[in-house]
Amino acid sequence: MNTEIIGITFMYAVVVLLAIPLGRYIGKLFTKEAAWLDFIFDPLDKIFYRVGGIDPTKEMTWKQHLVALLTINLVWFLLAMFVLTNMTWLPLNPDANPSMSADLAFNTSISFISNTNLQHYSGESGISYLGQLVLMLFQFISAGCGIAICAVLFIAMKEKETDRLGNFYFLFVRSCTRILFPIALIIAIMLVFNGAPMTFEGKHKVTTLQGDTVNVSRGPVAAFVAIKQIGTNGGGFFGPNSAHPFENPSYFTNIIETVSIFLIPIAMIFALGYVLKRRKLAWTIFGVMTIGFFLLVIPTVILEMKGNPAIAKLGIAQSLGSMEGKEVRFGAAASAYWAINTTVTSNGSVNAMHDSLTPLSGMFTLLGMMVNVFYGGVGVGLLNFYIFIILAVFISGLMVGRTPEFLGKKIEAKEMKIAMIIALLHPFLILTSTAVSSYLYAHNSAEYASWLNNPSYHGFSEMLYEFTSSSANNGSGFEGLGDNTPFWNIMCGLVMVLARYLPIIGPVAIAGILANKKYIPESAGTLKTDTATFGLMIFAVIAIIAALSFFPALALGPIAEYFSIY
């Protein structure tokens, strides 16, 4: 077997082997069972509760959970805006990087609190160390919010009849201190010992082999990269992200970072099975997500290993595959594997430039974000998937002439209206925003014409990708787009806000409403939701509602580009 294929197979196997016990551990945290790190973190958690004036035993309704989530996110947004627009006089700025403009700070602040981490700036020149540390903090707390609100969903699904669903702050603190922090610490230490910088000193002067003197940027890179990956954040310390040798020095660190992207999203599936005591349901969900992932990753790896047909026409050998925009130390297969890893989750980090992927590979990265339910981001991936479970249960009930029920609760018109609104929100945000940007570009004024370095099909794909990435809370980009303009900063910022919080509000509202309904015990006529048949039903609903919504846009972009090559 090709060594590159062995490498990516090994990465996926490691993720699954680690995710199963990690899911059990996360499940114990949500159910307040004793865990082996309690003696360390119990005193630490109590400090946070005391400082914040929090009573972790106070039970909240689903509405109170959402109010708590939205309130603290607003506070963090204001803090980020202050720091990013005042970096010139604030401390920890040894390289004298300038403050951000208001529109860029608006985009960046929303991007990091929403776990999107879309970057319209280059980290080494566009932000101070203090700004990087604040954004690093947000990479912890945005991921913690996603895990905590997913725990609320688990509790609502578990309870037979209640309107009390735990305490948001209790779940949030536990998610940060007992899940994200220890794993990020281990990864950061591994990165430091394998060449990633960890310093607060400024640029370092280096004399090259040619005798030139260059200033090399550095900083607290290892810590930043660790939480960027494990929290499915994706924001890079440097402009090239994990294609930069300081963020990702070797193939070994590439394995660590690739495994980190998937670890918690997959572990959350097994945590659901543990909390609900329904392991078959967890494996059904895992199976559906894994089939979708394989359908995206296998053709992408094959396409990138085969090389670019346009280059092949020139008679140039491509024994290493399509290497445009890729790092030699990773190769075509590992780069393609990362590209799908990062786009089926809401991670958005890159170890190769997606703008240089062959057309159909670019389409598969887009599809991963457009579907946005194959593993997904920490916590929110399961929230998105929950919507499709509700839709599949309702449609299945209609097909067999039974009242739709899920986990002993009737699904009625109110829940279906919410589910359909959330399911259609994602394509609405992406397609309408892309239509507006395409119209403005076609208007051909000097301002709009400077957006694209690539005309025609690929240029359309760049604009489509930017809004898809924003709506999927992903943050990666095709990067041929001149996106640091007021239009892109503000428009993408608005898309990120709507696409982050409405898909959280919807599933939690449905789960909260169902939790308060009368429990109906299972009977012989109850629809089984932990079978392969129901799994295929969910997959069909995902394909019809999510994937097919985007076919016309994909036909105008990557598909048209693919045929233009031939």
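If you go through region 65-101 and pick out every residue that is outside any loop (DSSP other than H, G, I, E, B), of a type outside the set (A, V, I, L, M) and touching a Gly at 6+ places or on another chain (Cβ under 9 Å), you end up with 1. Suppose the filter is at pLDDT below 95 and not small (G, A, S); does I40 pass it? Yes: the conditions hold for I40. Would you check which residues across region 1-45 are within 15 Å of A271 (Cβ to Cβ), in a helix (DSSP H, G or I) and hydroxyl-bearing (S, T, Y) and list them? Scanning region 1-45 gives a single hit, Y25. Taking the listed residues A423, A413, the one that is outside the structural domain of F172 (by TED's automatic domain parsing) and either touching a Phe, Trp or Tyr at 6+ places or on another chain (Cβ under 9 Å) or touching a residue at least 24 places away in the same chain (Cβ under 8 Å) (or both) is A423, with no other qualifying. When A352, A332, A336 are screened for being over 21 Å from the mean Cα position of the chain (by Cα) and not assigned by TED's automatic domain parsing to the domain that holds G477, only A332 passes. Highlighted here are the helices (runs of 4 or more DSSP H) found entirely within region 118-176 that include at least 3 residues which are under 28 Å from N97 (Cβ atoms): 123-126, 129-158.
What do you reckon, is A80 on the phi > 0 side of the Ramachandran plot and either assigned by TED's automatic domain parsing to the domain that holds K205 or within 21 Å of the chain's Cα centre (by Cα) (or both)? No: the conditions fail for A80. For region 403-422, check the following and say yes or no: at least one residue is acidic (D, E) and under 30 Å from S175 (Cβ atoms). Scanning region 403-422, I find at least one residue that is acidic (D, E) and under 30 Å from S175 (Cβ atoms), so the answer is yes. Kindly check whether there is at least one residue in region 223-231 that is of a type in the set (A, V, I, L, M), free of Cβ contacts under 8 Å to residues at least 60 places away in the same chain and either assigned by TED's automatic domain parsing to the domain that holds G131 or crowded, with 20+ Cβ neighbours inside 10 Å (or both). The answer is yes; a qualifying residue exists.
The values are calculated or read from the model by the stated rules, or taken from the named source; none is laboratory data. Nothing here was measured: the structure is a model prediction, and the numbers come from that model. Glycine also receives a Cβ, built like all others from the backbone with ideal geometry; neighbour counts cover every protein chain displayed.
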